[in-house]
Structure formats: structure tokens, C-alpha cells
Amino acid sequence: MKASAFAYARATSVANALELLTVHGEKAKVLSGGQSLLPAMNLRLTAPELIIDIGELAELRGVVVKGGVLTIGALTRHADLLKSPEIAAHAPLLTDAVAHVAHPAIRNRGTIGGSLAHADPASELPACMLTLGATIIVRGPSGERRIAASEFFAGIYETALKPQELLVAVEVPVSAKDSTHFFHEFARRHGDYAIVGLAAQAVVKDGRFADLRLGFFAVGDRPLLVGSAAKLVDVAITSAVLSEAFSALDEELDPLEDQQATPAMRRHLAKVLLARCVSSLLGRPDLGAGALA
Amino acid sequence: MTTAVAISLVVNGEHVEANVLPRLNLADFLREHLKLTGTHVGCEHGVCGACTVRVNGDIVRSCLLLAVQTHNATVETIEGISDSGEIADLQSAFRERNALQCGFCTPGMLMAAQDLLKQNSSPDREQIREHLSGNYCRCTGYQAIVDAVESTARARAGRTA
Amino acid sequence: MTSEPEKRDPLSVLDRPNSYIGKIVPRPNLDRLMQGRGLYVSDVELPRMVHVVFLRSPYAHAKITSIDASTAKRMPGVVAVVTGPELAAVITPWIGVLSHLKGLKSAPQAAIAIDRVCWQGEAVAAVVARTSEASTGQARAGNVFMNAALPRRPPGLAWATNHARSARTAAWQFLCRQP
């Protein structure tokens, strides 16, 4: 299907983009990578009156490490993240996660800013931002705002972004030297939207979790950093302990039903992911998915 | 909404100037304005891969790019990379292995396969499948396509060894 | 006991010596297709050509209660909106047969669904317009009212689509699943 008609403006600078957003905010959509916006427009799920193309704003693209913080520009393409040595060194969870985003041709255009602003509950990067404790940098008519990832994702396609605001960068704390990570998603085919996914980061000491952050996605209307992780920290993990964590996880999840899965299927797969994560990070095959009743 | 935007770009080595509506996507621009119908439109939302072209050297979905976004860009379609001989060995391998039936997915497959081989000169079958995972084929069942890409990779490696 | 030379059964087209069974079939069209020089239906361009877009059922099994195309027909660029009953006057339903297995035939399938749809994606109306953009717009403008019937069996494998989720899609899916 074809997108409906719209007016088009190519932003010449961040300031110019903000001017356009200030004037047209509600009726406009920002065109970053376009890999979520254009499908939605082609399927007539959205029909903005104005498209503000920020594709030429080179200052918004790139990865910089400074003072223990990775700053990733909003226009940084998924392919850039995949190839970035800084990301591989300081946030390897992202390198793993981005390999699961769609397909090579999509990754050449899609951007991190677009992915976070679009906030599809089944997408990988929002969950990674929760797990990594990222801060999302936003600019608007009243200046710059710093929004913690935990406060950014508000629902299906809903974020804390106001219509006149532009997401300009993400700040990710450099991962601790002794941290490990786990990433996996269930999807029918490689590159499909996830049925359920998990982006996890941990610090393991003497066979126990000293720290564990579990960011689930495709489990509800937004990504979820589960509190049940606490049940697995500073404790010897037995199948009983894992079972308790499963129950706690069940309580926290409120999965949606759609054409891919029922809530029950999502709950089950979330537990499988948790089991595989624990098993993999601790090197304990006995705690794998076989541990599930 | 009906104001045309002037764009200037290079397509398959030729300089092109046009006035296009913002809503026109690159696939339709190539097919309808430039009559380069080798690029195909399948799903129009980025999943089937039939519309794959190269913009500034990277493969992209032309159904998810607006023509106005390609101002000052270099675009290459299947006609371009075929006529230049860049994929002659891939095409041979596809012919030998009968890696196409109706041929609708094939331009996109060739684009994606060539992109893979430029980045990875000896991919294993899993890597080939992963790189082509964004290109759907309804006819062949993919096996022959993977075979053809694999044999091309081997032949190229053999030549430079 | 010697037998008389038997009268040979005539060979079917598949069993004759020059049959394509067991041989590689030459494909002279391959090169053209691989160069991007195929001619598919959507590549054909004719003078004063019009474009058609089909409105398709989101339900796997539903009764078509009514189609209101009045708004769509009035929109600029629209040449016609054609429904199943109108088309049935000029096209007979398709019935599949196999020439070498006499008597085997499919159920009749109308070009555009007439009173009920039997698969998700079956066409319920065709919008014909002077440009492809006009067709798409008008396909959205048509109103098709359908009662979703119960699926005969519970939906088996979940249908994985890559469509962006929307409240509308969710509502249709929910309707399909109602007991």
C-alpha cells in the first residue's frame, strides 16, 4: 500500500529541527531511519501531515566514550552499533542485541533514536536501555532533558517524549570489567518481532550473582526490568531458589495476547529465558530449561 | 502536500534530476520514473526483501526510503550491478544451480548475497542464511540459493588464494 | 507359455522418452530474470492504464453482510469499485482440475468473494483508479461490514505477522478468537 500525502522538510540543523517541531509538533513525525515509521505509513497506520527528515544531521550520529560513559547519537544506525569497537568493548550486550534487530538492509538505515522513540514493546533496544541503566537525552523548546530509561517507556508506542521534543542521544554507563551479559529472544524466524526476549547484565562472583539486571521485552506493553532478579542475587542458586524466582516473575508479568502468542505462552517462554540466562551466566547446565516443571 | 521537491542523484552511474512528491518511495521512483523495473515491490513494509537496492554502498529497502531522502546519494539497482559485471559469477552460479523459479525475489537475493560476500569472503551456510533471512522466496525453498552463494564464495576465494 | 505381443498402452506425456521427468530442463529465461529484465504484471505499462487495489478480509472465515462503497466511488481518480456479485456476472468461478486425473476437481472459487470469505486475505472488493496512490486511498475509504464466523477448529499455530501492532489490528484479532 502507499503512504498518504504529506509535506516534507529536511532539517538543516538540530536547532532547525526543533524549530519545526515547535511549530508543527502534533501534526509532524520525525524521520530518522524510517524503518518503523515508513512501514506504519505504508500500511496507513499513521498519516502525519509533515515529515521532518533529520537524516542529514551528522552531528547526531556516532559513538563516543568519555569518563565512563558511552554517548550514542540518536542517528547512529544499528549497523554502526554492530561494527563499533567502543560498543563491543564497553556495552557488549548491545552488540549481541543489535544482531537480532530485523535484517541487514534494515540495520543499515534504522537508528537507535528511532527505535527508542518508537517504543515497540517487542523491540530489543528499549529493553537493553533498561538493563544498562541508560539515560535518554532529549531536546525541546525549553532546553535539554535527561530522562532515565526506567522513566522513558510508557506504553505501546508511548514514551516520555513530548511532540515538540527531539531525542538526540543516549548515555550508557560503561559496563564494569567483570560484568557478563546474556541476550536471547524467541522468534519464529530470524529477524521477526520477538515473541519474548531477555537482555540481561550481571556480575558473577564465586558462583553467585553479585548483581543481576533482567530486561524483558515482548512481555507486555513496554519493556520490563524485573524486580524478581533480586531473588537471585547474593544467594546460592538451587532449583528451589529458581522456582521462587519463576513465581515472582509470573507475578510481575502481564503479557499481551496477539497473533504470535497467548499470555500463557509468553509467561512460559519468559521462564525458559530466565532459566537459560541463569544457567549460561553461572555455567550451571543443571539449572537450564530442564529445571522447569 | 502537492509541492514537488527537486532531487539530484546518481543511479547506476547516471546523473538523474527529478521533481518528486515527498510521499513517493524510492522503489516507485526507480520503477515508475526511471523505468528500472528490476527492483520489485512485494510487501511494502520492509520484510520481503524484493525491493533491495544499494544506496551509498549499503543495501537498503527501497520501499522504506523516500525518493527525497536520496538527494545527493548514489543508488545502484540490480540492472546496474548486473550490467557492470559485478555479480556475473553469482548469476552464473544461480543459473547452474537453478536457484530461481519465477525470479521475483532474485534481484533482491543477488543484492543481499553480493553484500554478504563483500563483507565476508568465506561465509558458512548458517551465515549465508542469516544474511539472506530478510529475503523471502516462495518458489525454491532456499536450498539452491544457499548452494549458489556458497559455491560463488568458494570460487572467489579460490581465485584470490 | 509364451504370451502374444501385448498391445502397448499409449504412454502418458510424463512417461514418453522426451518427457521432462528425470532430466534437467533448460531455462532460457534465467539470465533475463537475474538481470532485472523480467516482465512481471506490475511492470507492464499500457497507455491510459488504470490501477487496481484489492480490499482483503482480515478474517479467516466470515459472512459478508454488506459493502458500502459510496464514499470511495465519489473520490477523485476512482474509476470503479467492483464487488463479488458484480464480477460474477462476467467471470465464472475458477474450478481446478488435473488433466491426467479425470474427475478430480476443486470447489468453485469466485474471483472476488461473493457472500462469504474462506481465508484471511481473500479479496472482498476491487478499487480501480487512475493512479496507484488513489486506489490505495480509496480502498481504505470503503466500508466493509463482516460478521466473523467461528473458526471450525481453534486457531492452530499462531499466525506470525510482521505488521506493526495497532489497536485496530488487535481488535480484529480479538474478534477472530471469540468463542
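If the viscosity is 1.567 mPa s and the temperature 4 °C, what translational diffusion coefficient in µm²/s does Stokes-Einstein give for chain A when Rh comes from Kirkwood over Cα pairs? Walk me through the numbers on the way to the answer.
Numbers: Rh = 19.7 Å.
Stokes-Einstein gives a translational diffusion coefficient of 66 µm²/s.
Considering only B:THR77, B:THR140, B:THR106, the mean-square fluctuation computed in a Gaussian network model of chain B, springs between alpha carbons under 10 angstrom, is largest for B:THR140.
The gain in end-to-end length when the C:THR131 to C:ALA80 segment is fully stretched comes to 17.1 nm, 0.36 nm per residue minus the alpha carbon separation.
Go through B:ALA18, B:GLN101, B:SER8 and say which Cα lies farthest out towards the positive end of the charge dipole of chain B; charges sit on Cβ, +1 for Lys and Arg, -1 for Asp and Glu. Of the candidates, B:GLN101 comes out farthest on the positive side. Charging the Cβ of each Asp and Glu at -1 and of each Lys and Arg at +1, and nothing else, the dipole of the protein assembly as shown about its Cα centre rounds to 1240 debye. Dividing the summed -39500 (n - 2.57) terms of all DSSP H runs of n ≥ 4 by the residue count of chain B sets its mean residue ellipticity at 222 nm at -10500 deg cm²/dmol. A simple spin-label model places pseudo-atoms 7 Å from Cα toward Cβ; at A:ALA236 and A:GLU59 they are separated by 5.8 nm. In the structure shown, the pairs A:LYS27/B:LYS35; A:LYS83/A:LYS205; A:LYS177/A:LYS231; A:LYS66/A:LYS162; B:LYS35/C:LYS73 are assessed against 32 Å; a Cα-Cα span above that value is assigned to A:LYS27/B:LYS35.
Counting every other Cβ atom within 10 Å of each residue's Cβ, C:TYR59, A:TYR157, B:TYR142 order from fewest to most as B:TYR142, A:TYR157, C:TYR59. For chain A, the mean residue ellipticity at 222 nm estimated from helices alone is -9000 deg cm²/dmol, where every DSSP H run of n ≥ 4 contributes -39500 (n - 2.57) and the total is divided by all residues, rounded to the nearest 500. Counting every other Cβ atom within 10 Å of each residue's Cβ, B:SER151, A:SER239, A:SER142 order from fewest to most as A:SER142, A:SER239, B:SER151.
Each Lys and Arg Cβ is given +1 and each Asp and Glu Cβ -1; about its Cα centre, segment B:43-161 then shows a dipole of about 160 debye. Each of B:HIS71, B:ALA157, B:PHE29 was placed along the dipole of segment B:7-161 (beta-carbon charges, centred on the mean Cα), and the one lying farthest toward the positive end is B:ALA157. The local environment of A:PRO141, defined by Cβ-Cβ distances under 10 Å, has a net charge of 0 under the rule Lys, Arg +1 and Asp, Glu -1. What ranking of B:CYS139, B:CYS51, B:CYS105 emerges when the number of other C-beta atoms within 10 Å of each C-beta is taken as an exposure proxy, fewest first? So the residues, fewest neighbours to most, are B:CYS139, B:CYS105, B:CYS51.
Under the simplified labelling scheme, the C:VAL90-A:GLU86 pair shows an inter-label distance of 6.3 nm, with each label point 7 Å from Cα along Cα→Cβ. Normalised by residue count, segment A:7-53 yields a Cα convex hull volume of 63 Å³ per residue. Each Lys and Arg contributes +1 and each Asp and Glu -1, all at the Cβ; summed about the Cα centre of segment A:117-171, the dipole is approximately 180 debye. Of the options B:VAL146, B:GLN91, B:SER133, report the single residue whose Cα projects farthest towards the positive end of the charge dipole of segment B:87-160 (beta-carbon charges: Lys, Arg +1; Asp, Glu -1). Result: B:GLN91, furthest along the dipole toward the positive end. Extending 7 Å from the Cα toward the beta-carbon at both A:ASP206 and A:ASN16 defines two label points whose distance is 6.1 nm.
Every number in this text was worked out from the coordinates using simple rules, so none of it is lab data. In this text the structure is predicted, and so the values were computed from the model without any measurement. A quick note on method: Cβ atoms are made from the backbone with ideal geometry, for glycine too, and the neighbour counts reach across all protein chains shown.
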